[in-house]
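A short write-up of the structure that comes next.
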Amino acid sequence: MLSTHLKIATRNLRRNFTFSVINIAGLALGIGIFLLIAEYVSFEWGFNRFASNYKNIYRASFFNGKEEKGDYYLPPGYAAALKEKLPAIEAYTRIGENLGGGVAVVHQQKADAGQAYREGNVSFVDGNFLQFFGWKLKEGNGVLNAAQTAAISASTAKKYFGLNPAVGKIIEIKNQFGSTLYTITGVYEDVPAQSDIKADVLLSFKTLENPAFRNGNDWADPVKLESGYTYNFFQIRPGTDQAAFAKLATQVTRQILPDAKGLKVELQPLKDIHLAPSFNYHFQTYGSLIYVVSFLAIAILITVIAWLNYINLSTVQALSRAKESGVRKVLGATRSQIIIQFLTETVVLTVISLLISVAFVTLVQPYFNTFLEKPLSLKLLFDNWICAGVCLVVIAGCLFSGIYVATILSAFSPLKTIRGVANLKLGGVSIRKVLVVFQFTASVILIITTITLYRQLRYMQTQDLGLSLKQKVVITGPSVINSSGIDQSVAFENRVKQLPFVGKIAASNNVPGQGYNFSAQGITKLAPAAGDEKKSYSMLIVDNQYFDTYDIKFKEGRAFTPAMLIHGWPKTRKVILNESAAKQLGFANAEQALGQKINWGKEFEVVGVIKDYHHLSLHQFIQPMIFLPAVADGYFTIKMSAADMQQHINQIKKIYEELFPGEPFTFSFLDEVFDKQYRTEQKMGSIFMSAAGIAVFIAAMGLFGLAAFTAKQKVKEIGIRKVLGANVLHIVQLISADFIKLVLVSIVIASPIAWFAMNKWLQQFAYRTGMSWWIFVAGGSLAVTIATLTVMVQSLRAASANPVKSLRNE
Amino acid sequence: MLTLKNISKYYQVGGSKNFVLNNIDLDVEEGEFVSIMGPSGSGKSTLLNIIGMLDQPSEGYHYFMGEGVHLLKEKQRTALYKQYIGFVFQAYHLIDELTVYENIETPLIYQNIKGGERKALVADILDRFNIVGKKDLFPSQLSGGQQQLVGIARALISKPRLILADEPTGNLNSKQGEEIMELFRKLNQEDNVTIIQVTHNEKNAEYGSRIINLLDGKIESIKNI
Ligand SMILES: Nc1ncnc2c1ncn2[C@@H]1O[C@H](COP(=O)(O)OP(=O)(O)O)[C@@H](O)[C@H]1O
Ligand SMILES: [Mg+2]
């Protein structure tokens, strides 16, 4: 029986070739997209689960009850003190994430000059780190209990030493803690992609216990309980009641820490630090649940559209299958036997589509991965519950649509069939209409979403920022600051300024598009209002050229003088405000602020007020900013002519390497740095554009099939009408009108939904465009145009057929 | 073999009943060959369909092989006609998607007969109807007479005791029609298969042992030959 079903199913698929191709292509595309996105979901879900005991590991954080956000940077001495008091803690490890970033100098031989590498991903960790998180060792033991020990990743080892063994070698790390030698105790396999904790180089915390290796940064003393800068992970004995433990930890912590009165300790499971288990999760996470969920929603939408296509095209074929169904019944088939027969066809079609979709996924995987910057593969689907989910969706889609179609096809009474196929009417027309409307509603929503996304993106990218990003190259300053540092920086600036192609050069300790230096509270007017000391300001350390180089306009006063730089802001006590800061401080306007003193522990004089500019992206409002004078050397911003960029940068590089020997030269273009802040929107834009394109494509294919069928069905009517004198336009109208009406209905349904969703989405931007009517008109027109063109192809073909032929055939 | 008693079939048109069959009484014995004649629209097909249980009467009693068909549920009716009845149609009603062989085999599949046995049965009947050479062709590749031959072979494959044929020669030329009639006669006489056929053709009607004339849903006359 089954083999007969299979044989007939494949024969039918071949016989109705066009329909089969449309069906299979739509389904394969739908399932393919679904598989790709399932990979992504599996990848995101599977984070931080490779350590064998990940279920017992928690990250501790402090909540002070008032603020929504917790504090994840805990004092370094805290973990050991807590473990001593709480026996349920089996082990802990601390991470000073990227704390040791700087330059690594590697000597192959003792005497050589060494090769310098800029390394950002350098973290201080506890001795048991590798074993605690289950990072695999490749070489050595990787124990970091002793001072001046380090472990490096396999690719870092390869970069430093090629194929030679790394363990036992000594590297020199230059960073904020000065220049320190470390002995490599181990090489670990590159961190799994599904780990939020990453490092190229791990340094032992023990090292920082020696003041000689702290370069005056005594806040970093790893036994202290003051400044918090470490992530603390605790491994709790299995079976411990988590809530009770957190409560106990809170009590103990209040004894350990001096000012921990209202503080609450909370524990976040390691597996949840990537993807929040729910939308109102108050812990910090590295991944984005909203991304995963909207991806999943898109995937399901596209798959559903593909299945609906199948249902539509197959039921519409029912008329040609009615006779088969009726005759089979006369020959003794029960309805369920006929259902199984038709269901077999669906299963065969699904299996073919599935195979093609796997080929499709394999084909586009590299592009998809490049786009998402994630190492995804089909293998990920088998990692966890996703596998079951994928099977469920495919099987459910197949069964549901298959049974639906089979039910319709098997419903014809044999009597009617025998009376003649010509008399048959296909029921369920309204259902087919609903399906088409659903498909196009989804498509129109995706189109409108895409337009809005790009509109907002363009808006943000084209707003006047109040500063100029053009033709600016940002060079990272030297990583090691020593006594001669200031002179070197000044020398560098002077030398660069001499170059003919250089317009201006400024030094600052951070740059627009990247961030501030720190934020501070407790800054007030001399006669403060209540609560003023709680207000927060974003501080940026700059030199006198900063404002001029960036074309930032002064409202009042002017830039710092060279003398103020040399003495530095702690001594000269001069500041420049932006307008927002002046306002937040309580000055009526910029003029009022100029020359005034403000209180920040000591008195500082306002020597200038600049016009507000966007230091960061338009996601956020302009912050009140305070600029502090110094001979900065974090970043040099060089304004230069656009011609021969590469060659000019090489000239600057030469000067840099001469003045900062051993410091790797790295540069970036400021407009690119700034634009990076919009990467999320750019990605979202591409994702929605692709989704909209695919959805429209599949829906249009379905429409194409439906129109083909309508044309076929109306061959006789068209023939008669033409004989009666109808022209091509009449015929096209006859076939297209119904479909276009459906698409119009879709637009009416889609618009309010899209309006609501997009309005909500736009809320997250401090500066945003509104929704305007033309977006809906544009989105709707696009859908109508595509639908019309699709249907037109079929109707033109029908309209141009010779009426005599079609009538004789009948 | 079957008895119809006071069988009526009507359609509600507006407020009044539009009778297609009006109070039909009919007995058919096992081994009979009955021809039904009458003008177009007189209810011949409706009568045949009711006998074949594809259609239900509005009123009346219908007994088949001793069972009260009017008392049975649809499933039981299906089981009953599956076992005893074979249909032959004017328009052949072969399944276009299936080959000759597969068309003939289909009823056996629905009777859950095993593959090996099916093969033997189909081979046997192909041989008997002299269409072995055509077994892999599709219906569209056959002439009308050949298609009807396949239709009859398909009706006979499950060894029915009753064959219902609605204008089996209606689409055939007279020579092809005669061949089909000869075949029916042979089946009737040699295999004792009961046959009820609808026909417009006097000559073909006379192959039967009894001719029933229908007019406006009533039996106008019965002629025994
Ligand atoms: N569903 C229906 N509704 C109303 N009248 C019907 C229906 N089906 C058949 N009829 C009528 O029943 C009558 C008999 O039809 P039929 O048995 O096919 O006649 P015959 O086979 O003798 O030509 C016809 O007049 C036809 O119009
Ligand atoms: Mg008839």
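The values are calculated or read from the model by the stated rules, or taken from the named source; none is laboratory data. These numbers come from a predicted model, not from an experiment. Note that each Cβ is placed from the backbone with ideal geometry, even for glycine, and that neighbours are counted across all protein chains shown. The protein model used for the area step is the full one, side chains on, heavy atoms only, and it has no ligands, DNA or RNA in it. Shrake-Rupley method; radii C 1.70, N 1.55, O 1.52, S 1.80 Å.
For the reader, a short list of remarks on this structure follows.
- Across peptide A:3-14, the mean count of Cβ atoms from other chains lying within 10 Å of each residue's own Cβ comes to 2.
- Counting lysine pairs in region A:607-758 whose alpha carbons fall under 29 angstrom apart, excluding pairs fewer than 8 residues apart on the same chain, gives 13.
- Per-residue extension of 0.36 nm, minus the Cα-Cα distance of A:Gln682 and A:Thr785, leaves a gain of 34.4 nm for this segment.
- Between A:Ser3 and A:Ala297, the FRET efficiency from the beta-carbon distance, with R0 = 30 Å, is close to 0.15.
- Between A and B, buried accessible area from a 1.4 angstrom probe totals roughly 2300 Å², ignoring ligands, DNA and RNA.
- Each Cα pair under 8 Å and six or more residues apart adds its separation to the average, and for region A:56-272 the resulting relative contact order is 33 percent.
- Distance from region A:483-535 to region B:127-175 (C-alpha centre basis), Å: 98
- The C-alpha atoms of chain A define a longest principal axis, and helix A:386-409 lies at about 20 degrees to it.
- Residues in region A:327-370 that, when all protein chains are in place, have 50 Å² or more less accessible area than the chain alone would give (probe 1.4 Å): A:Val327, A:Arg328, A:Val330, A:Leu331, A:Gly332
- Taking region A:375-417 and a reference point 7 angstrom along Cα→Cβ of A:Lys55, the backbone N atoms nearer than 18 Å belong to A:383-386.
- Packing-based ranking of A:572-583, A:773-784, A:639-650 yields A:572-583, A:773-784, A:639-650, ordered from highest to lowest mean Cβ neighbour count within 10 Å.
- A probe of 1.4 angstrom, applied to the heavy atoms of all protein chains, finds B:Met1 with accessible area near 40 square angstrom.
- 0 to 90° range, to nearest 10: angle between helix A:485-498 axis and chain A longest Cα axis: 60
- Shape of region B:2-224, Cα gyration tensor, a/c cut at 1.5: prolate
- Each of B:Tyr84, A:Tyr537 has its accessible area taken with a 1.4 Å probe; listed largest first, they run B:Tyr84, A:Tyr537.
- Surface composition of region A:56-272: carbon and sulfur make up 51 percent of the accessible area, probe 1.4 Å.
- Think of a 1.4 Å ball rolled over the protein heavy atoms: chain B then has 45 Å² of accessible area per residue.
- Cβ charges +1 (Lys, Arg) and -1 (Asp, Glu), total dipole of chain B, debye: 340
- Residue-averaged beta-carbon neighbours from other chains (10 angstrom radius) around B:86-98: 5
- Between helix B:144-156 and chain B there is an angle of about 80 degrees, using the helix long axis and the longest principal axis of the Cα atoms.
- Ordered from largest to smallest accessible area (heavy atoms of protein chains, 1.4 Å probe), the residues A:Arg328, A:Arg254 come out as A:Arg254, A:Arg328.
- Check: region A:294-404 dipole with +1 on Lys, Arg Cβ and -1 on Asp, Glu Cβ, in debye: 420
- ³J(HN,Hα) computed for each position of region A:601-614 - Karplus, 6.51 cos²θ - 1.76 cosθ + 1.60, integer Hz, glycine/proline x: x, 10, 8, 10, 9, 7, 9, x, 10, 9, 5, 4, 9, 7
- Dipole axis of chain A (+1 Lys, Arg; -1 Asp, Glu on Cβ), positive-most option in A:Ala699, A:Ser52, A:Met792: A:Met792
- Computed about the Cα centre, the dipole magnitude for chain A is approximately 3940 debye when only Lys and Arg (+1) and Asp and Glu (-1) carry charge, each at its Cβ.
- A straight chain from A:Ala527 to A:Leu289 at 0.36 nm per residue would run longer than the Cα-Cα distance by 81.0 nm.
- Accessible area expressed per residue, region A:478-662, with surrounding protein chains retained (probe 1.4 Å, Å²): 45
- Contact order relative to length of chain A, as percent, for alpha carbon pairs under 8 angstrom and 6 or more apart: 15
- Per-residue mean of foreign Cβ neighbours for B:108-121 is 2 (Cβ atoms of other chains, 10 Å radius).
- Karplus 3J(HN,Hα) series, Hz, for region A:344-359 with 6.51 cos²θ - 1.76 cosθ + 1.60 (x for Gly, Pro): 4, 4, 4, 5, 4, 4, 5, 4, 4, 4, 4, 4, 5, 5, 5, 4
- Selected from A:Tyr550, A:Ile24, A:Pro277, residue furthest toward positive end of dipole (the protein assembly as shown; charges at beta carbon): A:Ile24
- Neighbourhood net charge (12 Å Cβ-Cβ; Lys/Arg +1, Asp/Glu -1) for B:Gln146: +1
- Lys/Arg +1, Asp/Glu -1 at C-beta; region A:478-662 dipole; positive extreme among A:Pro570, A:Met539, A:Val607: A:Val607
- In plain terms, the chain from A:Lys83 to A:Val793 could stretch by 248.1 nm, reckoned as 0.36 nm per residue minus the Cα-Cα distance.
- Surface composition of region A:312-378: carbon plus sulfur atoms hold 76% of the accessible area, using a 1.4 angstrom probe and ignoring ligands, DNA and RNA.
- Projected label points at A:Gln108 and B:Lys218, each 7 Å from Cα along the beta carbon direction, are separated by 11.8 nanometres.
- Taken along the Cα-to-beta-carbon direction at a fixed 7 Å, the label points for A:Gln596 and A:Phe621 span 1.9 nm.
- Each peptide in B:12-20, A:599-607, A:701-709 gets a packing score, the mean of other Cβ atoms within 10 Å over its residues, and the list from highest to lowest is A:701-709, A:599-607, B:12-20.
- Taking a straight Cα-Cα cut-off under 26 Å and skipping sequence neighbours fewer than 8 places away in the same chain, the lysines within cross-link reach of B:Lys73 are A:Lys323, A:Lys329, A:Lys416, B:Lys5, B:Lys9, B:Lys17, B:Lys44, B:Lys82, B:Lys159.
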